[in-house]
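These notes concern the structure reproduced below.
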Amino acid sequence: MSVKTRFAPSPTGDLHIGGARTALYSWLHARANNGEFVLRIEDTDIERSTPEAVQAIMDGMQWLELDWDEGPIFQTHRFSRYKEVIEQLLAEGKAYPCFCSSERLDTMREEQKANKVKWRYDGKCRHLKPSEVDLSQDHVIRFKNPEEGVVTFKDVVKGEITIANKELDDLIIARTDGAPTYNFTVVVDDMDMSITQVVRGDDHINNTPRQINIFKALGAAAPEYGHVPMILGDDGKKLSKRHGAVSVMQYRDDGYLPQAVRNYLVRLGWSHGDQEIFSMQEMKSLFNINDINKAPSAFNTDKLKWLNQQYIKSTPVDELMPHLQWHLDQQGIDLANGPAIDRLIPEFAERAQTLKELVAAVTTYYQDFDEFEAKAAKKHLRPVARPALELIRSKLELIQNWQPQAIQSSVDETAKELDVGMGKVGMPLRVAATGGGMSPAIDITLEWVGKERALARIDMALAFIANREAQG
Ligand code: GLU
């Protein structure tokens, strides 16, 4: 049977790191086996589902480059199909209407609680005589769970799991208003869509035996299941907003590359020897759901940052550009106002852990600033720097062909004429021209800043010094 997997989020918020990892594993399993991958939107909880969340989930997946072959399929579009299957189960005597009032159920729940037993419907309506059934009265539909025997399945992550049917009660598959419930719609969908492997969070593990019983009642084979342990924060507690960003798109906003996040997520709960960096091609060929770790993994932002830096350094400029461009646009930086960015990237990528840092490092070559960095200015734009700045300005102004060599000669001559070390000219000049104390070699830096802009900034630095002098 050809492999078919699905990601089945409930659209109640952004795509979170945990969901993204589940999606990635399902997607990789399909891709690794030449199979298909379905996006299914589990939106039957109408109160909590929103179109914005559907969009946010799809945006997150697209950003991570997880493409789907089918979908998005919305469960709310499949109500007639669920109804049909409920009718079928009723006709075959595998489901029954239940008329128990909420008062009766509440009392029963209280009693069971007092006796310290796990809540379980007692099956009263399972045994109603046909004469006692009046479908005009309010009722839910319950699935007739087998009363004897066990459900056994081999979870690809957790190993073999066995549950006695006695532990499972007759779960509601349709509510009073006829709306189908989660455990039921999942089964109908996984069956109709011929899903072969289900990868999902282990918070669903208790649902699985119930779902398998419904598969059996429908005469269909259940898929294989892999329940992935939850992701923990660095304090060992379940990952949540308290630990920082959990939404995938927040990582984009914070300057992470999708390939780094993808690589981080694949390793968060799966490994292949001690390899850390996987190209997309490698992931697709090496990923195997049987190698998913049993133990929960802890999210480590430093490691993600490290990976991001590796990717920023090693990704070819043309691949990096669309992602960098997104951040430049966010900051309103127009590359037409400065040097060719592909000359700058190799210089600055080395030290940037995020694209935001990379943008911050190159901004000065494209956009003017209002203020010098306080610390750099305090140290280097002092009255003693005035003669150097004035002299170098006069020399730079005369350069016709604004190239590193001519710029360097001007710096050298200035240092020589004033009989000071190179740093006494270079540092004030660097701070004046870029606004801060960090930049590549001064000749290259000035070339990138451009002549007109460099001269204007030196004037600004001289004014800054004059102001300082005036203040004493
Ligand atoms: N809709 C469920 C959720 O978002 C997933 C169900 C499943 O994967 O079977 O938790």
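The values are calculated or read from the model by the stated rules, or taken from the named source; none is laboratory data. Every value quoted in this text rests on a predicted model; they were computed, and no experiment measured them. Backbone-built Cβ (ideal geometry, glycine too); neighbour counts: all protein chains shown. Surface areas here come from the heavy atoms of the whole protein model, side chains and all, with no ligands, DNA or RNA. Shrake-Rupley method; radii C 1.70, N 1.55, O 1.52, S 1.80 Å.
Along the charge dipole of the chain, pointing to its positive end and built from +1/-1 on Cβ of Lys, Arg, Asp and Glu, which listed residue (W68, L396, I212) has its Cα farthest out?
Value: I212.
Using a 1.4 Å probe over the heavy atoms of the protein chains, calculate the carbon and sulfur portion of the accessible area of the chain as a whole percent.
49 percent
Treat segment 1-62 as a sphere of radius equal to its Kirkwood radius over Cα pairs and apply Stokes-Einstein at 4 °C in a medium of 1.567 mPa s; give the translational diffusion coefficient in µm²/s, rounded to a whole number.
In µm²/s, the coefficient rounds to 108.
Helix 207-217 against the longest principal axis of the chain: what's the angle in degrees, Cα atoms only, rounded to the nearest 10?
Approximately 50 degrees, to the nearest ten.
What does the convex hull of the Cα atoms of segment 36-80 come to per residue, in Å³, rounded to a whole number?
63 Å³
For Cα pairs less than 8 Å apart in space and 6+ apart in sequence, what is the mean separation divided by the residue count of segment 372-463, i.e. the relative contact order in percent?
Here the relative contact order equals 38 percent.
At q = 0.07, 0.08, 0.10 Å⁻¹, what base-10 log of I(q)/I(0) does the Debye formula yield for the chain when every alpha carbon is treated as an equal point scatterer in vacuo?
After summing over all Cα pairs, the log10 values are -0.55, -0.65, -0.83.
Compare the Cα positions of A245, N293, P316 along the charge dipole of the chain (+1 at Cβ of Lys, Arg; -1 at Cβ of Asp, Glu; about the Cα centre) and return the one farthest towards the positive end.
So the residue we want is N293.
Counting pairs of alpha carbon atoms under 8 Å apart in space and at least six apart in sequence, what relative contact order in percent does segment 100-228 give?
Contact order relative to length: 24 percent.
Hey, what angle do you get for helix 102-114 against the long axis of the chain, alpha-carbon based, 0 to 90 degrees rounded to 10?
80 degrees
What is the magnitude of the charge dipole of segment 145-259 about its Cα centre, with +1 placed on the Cβ of each Lys and Arg, -1 on the Cβ of each Asp and Glu, and no other charges, expressed in debye to the nearest 20?
280 debye
Percentage of Cα-Cα pair distances in segment 192-313 greater than 19 Å, rounded to whole percent?
Here the tail beyond 19 Å accounts for 58 percent of pairs.
If we sort 120-127, 427-434 on the protection proxy, mean other Cβ atoms within 10 Å, highest first, what's the order?
427-434, 120-127
Among L171, F7, H77, which residue has its Cα positioned farthest towards the positive end of the charge dipole of the chain, with +1 placed on the Cβ of Lys and Arg, -1 on the Cβ of Asp and Glu, and the dipole taken about the Cα centre?
L171
Please determine, in degrees from 0 to 90 and to the nearest 10, the orientation of helix 17-32 with respect to the longest principal axis defined by the Cα atoms of the chain, where the helix direction is its Cα long axis.
80 degrees
Let a ≥ b ≥ c be the square roots of the eigenvalues of the Cα gyration tensor of segment 54-119; is it rounded (a/c under 1.5), or, if not, prolate (a/b larger than b/c) or oblate?
oblate
What GluC sites (Glu not before Pro) does segment 26-79 have in DSSP loop regions with at most 10 other beta carbons within 10 Å?
E47
Keeping to pairs on different chains or 8 or more places apart, tell me how many lysine pairs in segment 332-472 have Cα atoms under 27 Å apart.
20
Do you know the relative contact order of the chain, to the nearest whole percent, from alpha carbon pairs under 8 angstrom that are 6+ apart?
It comes to 12 percent, rounded to a whole number.
Please go through the residue pairs K237/K303; K4/K154; K4/K237 and name each one whose alpha carbons sit more than 21 Å apart in this structure.
In this structure, K4/K237 lie more than 21 Å apart at Cα.
Ignoring everything except DSSP H segments at least 4 long, calculate the 222 nm mean residue ellipticity for the chain; use -39,500 (n - 2.57) per segment, divide by total residues, nearest 500.
-14500 deg cm²/dmol
Accessible area per residue, 1.4 Å probe, Å², for the chain: what's the number?
49 Å²
Among 410-419, 349-358, how do they line up by average Cβ neighbours within 10 Å per residue, starting with the highest?
349-358, 410-419
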